[in-house]
Amino acid sequence: MRSLAAGALLILAALPAWVLPSEAQGQSSVRKAVTGTSQPDGLAAWQQVYSVLTHPRCINCHTATNYPQQGDDRHRHFANVVRGPEGTGVPALSCATCHQESNAGTGVPGGHNWHLAPLSMAWQDRNDKALSSAAICAAITDRSRNHNLDGPGLLKHHEGEPLVLWAWQPGNRLDGSARALPPLSHAEFVAATRRWVEAGTPCPQK
């Protein structure tokens, strides 16, 4: 019995030497996760984010023009609706006159606090062409232009801002057909934003 006990003690004493590489590997994995995503992976994730930001559901309200745009062809808003000083239209023709808290059965889209994005967040040029990936990334990460949002703030915005969420619940057009959705699901968009933020919000050079 004594020899068996002694043998067991020897085995137990030897175990740490065997399990240490596994433990160290686990700690290394934890450290790697804490440090975040690599820059190349972050840039790849940004390109996914960019594909959503330049989709009509988003860019129609992120215009460089004095008016919102409509439809997948991004034509000018009907009735000569204009931006107004606060991005909410002008008296007697404000956004809230037609756009309520949710999509209407008539085909008029709606969401909380419906308005145009500020010109500081215009994602197109004056010829209605989407800005480059580098230009939009520079704008969205510039805290003097984006309401002072850091990386986690941008992630939170993409996760829960009502007008961001609307892009995946856009309802039907006036003719009853469904509006096109962005190229990623909302969950995929948030996941891509998270990877980009974890990488330090890197931007393409051009």
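Summary of values
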read-out	value
Where VAL81 falls short, out of the listed (1) surrounded by 15 or more Cβ atoms within 10 Å (Cβ to Cβ); (2) closer than 27 Å to LEU184 by Cα; (3) aliphatic (A, V, I, L, M)	(2)
Enumeration of residues in region 84-95 that are open to solvent by 50 Å² or more (accessible area, probe 1.4 Å) and under 25 Å from the mean Cα position of the chain (by Cα)	GLU86, THR88
Residue within region 141-149 that is part of a helix (DSSP H, G or I), hydrophobic (A, V, I, L, M, F, W, C) and either open to solvent by less than 40 Å² (accessible area, probe 1.4 Å) or more than 16 Å from THR54 (Cβ to Cβ) (or both) present	no
Restricting region 149-164 to residues that are in contact with a helix residue (DSSP H, G or I) (Cβ under 7 Å, 6 or more places away or on another chain) and not β-branched (Val, Ile, Thr), the residue that is nearest to GLN39 (Cα to Cα)	GLY151
Failed condition for ILE136, given (1) β-branched (Val, Ile, Thr); (2) outside any loop (DSSP other than H, G, I, E, B); (3) surrounded by fewer than 19 Cβ atoms within 10 Å (Cβ to Cβ)	(3)
Test: residue in region 81-101 that is under 17 Å from LEU53 (Cβ atoms) and in contact (Cβ under 8 Å) with a residue 24 or more places away in the chain	no
Qualifying residues in region 125-145 (those that are touching a residue at least 60 places away in the same chain (Cβ under 8 Å) and in contact with a Leu (Cβ under 8 Å, 6 or more places away or on another chain)) - the one farthest from GLN69 (Cα to Cα)	THR141
Output for region 97-115, where each listed residue is modelled with pLDDT of 95 or more, open to solvent by 30 Å² or more (accessible area, probe 1.4 Å) and small (Gly, Ala, Ser)	SER102, ALA104
Only listed residue being under 11 Å from the mean Cα position of the chain (by Cα) and either open to solvent by less than 30 Å² (accessible area, probe 1.4 Å) or farther than 17 Å from LEU53 by Cβ (or both), chosen from LEU174, LEU155	LEU155
Failed item, numbered, when PRO183 is tested on (1) farther than 14 Å from LEU53 by Cα; (2) open to solvent by 70 Å² or more (accessible area, probe 1.4 Å); (3) under 14 Å from the mean Cα position of the chain (by Cα)	(1)
Subset of region 96-121 that is over 22 Å from the mean Cα position of the chain (by Cα) and of a type in the set (S, T, N, Q) - its residue that is farthest from LEU181 (Cα to Cα)	THR97
Breaking point among (1) open to solvent by 50 Å² or more (accessible area, probe 1.4 Å); (2) outside any loop (DSSP other than H, G, I, E, B); (3) touching a Leu at 6+ places or on another chain (Cβ under 9 Å), for TRP196	(1)
Any chance ASP72 is surrounded by fewer than 14 Cβ atoms within 10 Å (Cβ to Cβ), in contact (Cβ under 8 Å) with a residue 12 or more places away in the chain, of a type in the set (Asp, Glu) and more than 15 Å from PRO56 (Cβ to Cβ)	no
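Residue by residue, here is whether (1) at positive phi; (2) acidic (Asp, Glu); (3) touching a strand residue (DSSP E or B) at 6+ places or on another chain (Cβ under 9 Å) holds:
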| residue | (1), (2), (3) |
| --- | --- |
| THR88 | no, no, yes |
| SER94 | no, no, no |
| GLY107 | yes, no, yes |
| PRO118 | no, no, no |
| ALA122 | no, no, no |
| SER133 | no, no, no |
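The values are calculated or read from the model by the stated rules, or taken from the named source; none is laboratory data. Here the structure is a predicted model, which means the values were calculated and not measured. All Cβ positions, glycine included, derive from the backbone under ideal geometry; neighbour counts span all protein chains shown. Only protein heavy atoms, including side chains, enter the accessible area calculation; ligands, DNA and RNA are left aside. Shrake-Rupley method; radii C 1.70, N 1.55, O 1.52, S 1.80 Å.
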